[in-house]
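Asker: First the structure, then my questions, so here it is.
The values are calculated or read from the model by the stated rules, or taken from the named source; none is laboratory data. Note that this is a predicted model, so its numbers are computed, not measured. Note: ideal-geometry Cβ built from the backbone for every residue, glycine included; neighbour counts use all protein chains shown. Keep in mind that these areas ignore ligands, DNA and RNA; they rest on the heavy atoms of the full protein, side chains included. Shrake-Rupley method; radii C 1.70, N 1.55, O 1.52, S 1.80 Å.
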Amino acid sequence: MKKVFAALYATLMMSACGNPIASTSRDPLYHVLDSLIDKHDDIVAAKIAQISSLSNTLQGITLTPEQEYDRNLRLYEEYLAFRFDSAYHYINRNMQSLLTASDPERRAACAIRMAHILSVSGIFNNARLLLGSISPAQVSVETRIAYYNQQAELNLYRSEMAQYTPYFMDYIDSTQYYRQLLLQIAPKESFEYITNRASYSCEQGDVKGSIRQFEEYLPTLRPGDRRYSIVASTLAYFYWKDENPKQQEHYLLLSAVSDLRGAILENNALRELAAILMERGEYERAYRYLSRASNDAQQYGSRLRSMQVARLTPLITKAYDAGRERAQLHTSRLLTAISVIALLLFCLILFNFYLLYKRHITNRKINMMNGELSRHNEEMQIVNAQLSTLNSQMKEANRIKDEYIGRFLELCSALIHRGEERHKFFNRLARDRKLEDLYAELKSGTAINEGIKLFHTNFDTAFLNIYPDFISEVNRLMTPDNQFEVMPDSTRLTTELRVLALIRLGITDNQKIADILRSSITTIYTYRSKLKARSISKDTFEEDIQKIASY
């Protein structure tokens, strides 16, 4: 029987291991990315609601040409990486406006924005014609920076579509040329200068320097912003050039997470992540990411991204289908092996039941007697523990009662004696008509302070007589840097220790503690909060204080 099970187990393991286990993605950002993909529709809906709110703000209001121009520009920025047709619509309205027609500077700025929209959508020829209609020498420095940046971007996109062709390096050289022109005039702290300088250095061979520049710059940007996504994605490209696939994948993840958070549908990182996962054999996740990238490209209207996704889709789909077929085959084998093993196990279980039944008849009475004895022993242990606890509590209660009754009588006697002495003193002042001295004595708080001091002295002495190791026990509950100083033969407590002493005596209400110690409730609350913060176990600190034994 054992040999049969060993053979079946070996068959089961061979069947389970027939399909190599694909390496799993260990970067925790994958969980964040998957969660954002699940929430994609909600994020897009929130983005649409935000834009609708902006669009409806000025609904029904007659706008000046300037206001209309600014409104169109703002809506263009909102739709820039979200909807191609809407961004095109609003920037086109500005290009057709009378303000643009009469202002060459504005016309150039609108043309550059229109060229950007056309570039990311793969309409390269129209974008090139628009940029060709601009004379850089006749526009402001700011517009000229945007012009050079857009020329570089257009050539970069054209190089992506010309990969593995003789024209690839021509577009890269043109990109580098316009980057050089931009770097000569752009402010060194601007986004355009920093990104173009790093990209230019990378293409010139200084990949390490480019990585260092972007790793310093990325934390200054906000995840969910389009600029953050661009820098993270470009940094992934730098690491690819540096032959560091782990960091490349990490920054692609950062870029993809930023795209999804910001509802940026004109994106690139998800598609490149899908390619990496496909090479690693994680076909299901690769297929999911590629599907999301394809849907985003279609929603945005980017022909460039759609064509890039289309190149990769057949490969991932084919690998995904092949993986599913292998998984189904292995699942069938496993089910067959499990069925055979289950049948044999059932026969073995029946045989075991027969043996157990025979033993059961013999051992039933013994087991019942042992069970009864065990239950009685457990009950006795519980009763003994309860009795021990009650005895300890009674001893402690008696000791507290004896100590505090004596102290209470002594304190009352002392206070009555002081009251009598003070009453006689007031009578003498009144008899001698020393009203000013009488008023000064009545106004003075010295007697009250002395009474409080006397109360504290009696309370501290009585408490430390009952709990002689109280301060040491408290220190065991505090962190090493926040322990109280323990003085030999000390009979005084600090205010913080008095608060803890009252908690040990079962007085936990802040108002009652404040009344007893003649302090404000805010002060008591502050003491308790600070003591908890300095303790080792903040959640159970006061419960631990109440468990300190008296001896």
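Asker: If you keep only loop residues by DSSP, which GluC sites (Glu not before Pro) in segment 168-269 have at most 12 other Cβ atoms within 10 Å of their Cβ? Don't skip to the answer; put the middle values down first.
Answerer: Values: sites: GLU189, GLU192, GLU203, GLU215, GLU216, GLU243, GLU249, GLU266; in loops: GLU189, GLU243, GLU266.
Here the GluC sites (Glu not before Pro) that fit, given the DSSP loop and packing criteria, are GLU189, GLU243.
Asker: Could you work out how far the C-alpha centroid of segment 45-93 sits from that of segment 526-551, in angstrom?
Answerer: With segment 45-93 and segment 526-551 each reduced to a Cα centre, they are spaced 59 Å.
Asker: Efficiency by 1/(1 + (r/R0)^6): what FRET value for ASN475 and MET368, r their Cβ-Cβ distance, R0 = 51 Å, to the nearest 0.05? Intermediate values should be presented prior to the final figure.
Answerer: Values: r = 53 Å, r/R0 = 1.03.
Result of the calculation: an efficiency of 0.45.
Asker: In addition: Taking 7 Å along the Cα-to-C-beta vector as the label spot, tell me the GLU543-ASN126 distance in nanometres, rounded to one decimal.
Answerer: The modelled label-to-label distance comes out at 6.9 nm.
Asker: Using +1 at the Cβ of each Lys and Arg and -1 at the Cβ of each Asp and Glu in segment 417-541, identify which of ILE452, LEU442, THR491 lies farthest towards the dipole's positive end.
Answerer: The Cα lying farthest towards the positive end belongs to LEU442.
Asker: To the nearest 20 debye, what charge dipole does segment 510-551 have about its Cα centre, counting +1 at the Cβ of each Lys and Arg and -1 at the Cβ of each Asp and Glu? Write out the running numbers ahead of the final one.
Answerer: Values: 8 positive and 5 negative charges, 36 e Å.
My answer is approximately 180 debye.
Asker: Then there is this: Starting from the amide H of MET478, placed 1.01 Å from N in the peptide plane, find each other amide H under 5 Å away whose residue is 5 or more places distant or on another chain.
Answerer: Counting only residues 5 or more places away or on other chains, the set is ILE536.
Asker: Additional query: Placing +1 on the Cβ of each Lys and Arg and -1 on the Cβ of each Asp and Glu in segment 462-551, which of LEU517, ALA462, SER535 has its Cα farthest towards the positive end of the resulting dipole?
Answerer: LEU517
Asker: Something else now. Tell me, what % of the accessible area of segment 66-163 is carbon and sulfur with a 1.4 angstrom probe? Working shown, then result.
Answerer: Details: 2050 of 4300 Å².
Carbon plus sulfur share of accessible area: 48 percent.
Asker: Percent relative contact order of segment 60-161, based on C-alpha pairs within less than 8 angstrom and at least six residues apart?
Answerer: It comes to 21 percent, rounded to a whole number.
Asker: Between GLU77 and ASN244, take the C-beta separation as r, use R0 = 30 Å, and let me know the FRET efficiency to the nearest 0.05. All intermediate terms of the calculation are to be shown ahead of the outcome.
Answerer: Values: r = 34 Å, r/R0 = 1.14.
Once the sixth-power term is evaluated, E becomes 0.30.
Asker: A further question follows. Mind jotting down the distance between the C-alpha centroids of segment 455-504 and segment 98-176, whole Å?
Answerer: About 77 Å separates the Cα centre of segment 98-176 from the one of segment 455-504.
Asker: Can you give the extra length, in nm with one decimal, that the chain gains between THR461 and ALA440 once fully stretched, where that is 0.36 nm per residue apart less the Cα-Cα distance? Write out the running numbers ahead of the final one.
Answerer: Details: separation 21, 0.36 × 21 = 7.56 nm, distance 3.29 nm.
Length gained, THR461 through ALA440: 4.3 nm.
Asker: My understanding is that a pair violates if its Cα-Cα distance is over 26 Å; which of LYS512/LYS532; LYS39/LYS241; LYS512/LYS547; LYS424/LYS512 do that in this structure?
Answerer: Numbers: LYS512/LYS532 19 Å; LYS39/LYS241 33 Å; LYS512/LYS547 21 Å; LYS424/LYS512 33 Å.
Check vs 26 Å cut-off fails for LYS39/LYS241; LYS424/LYS512.
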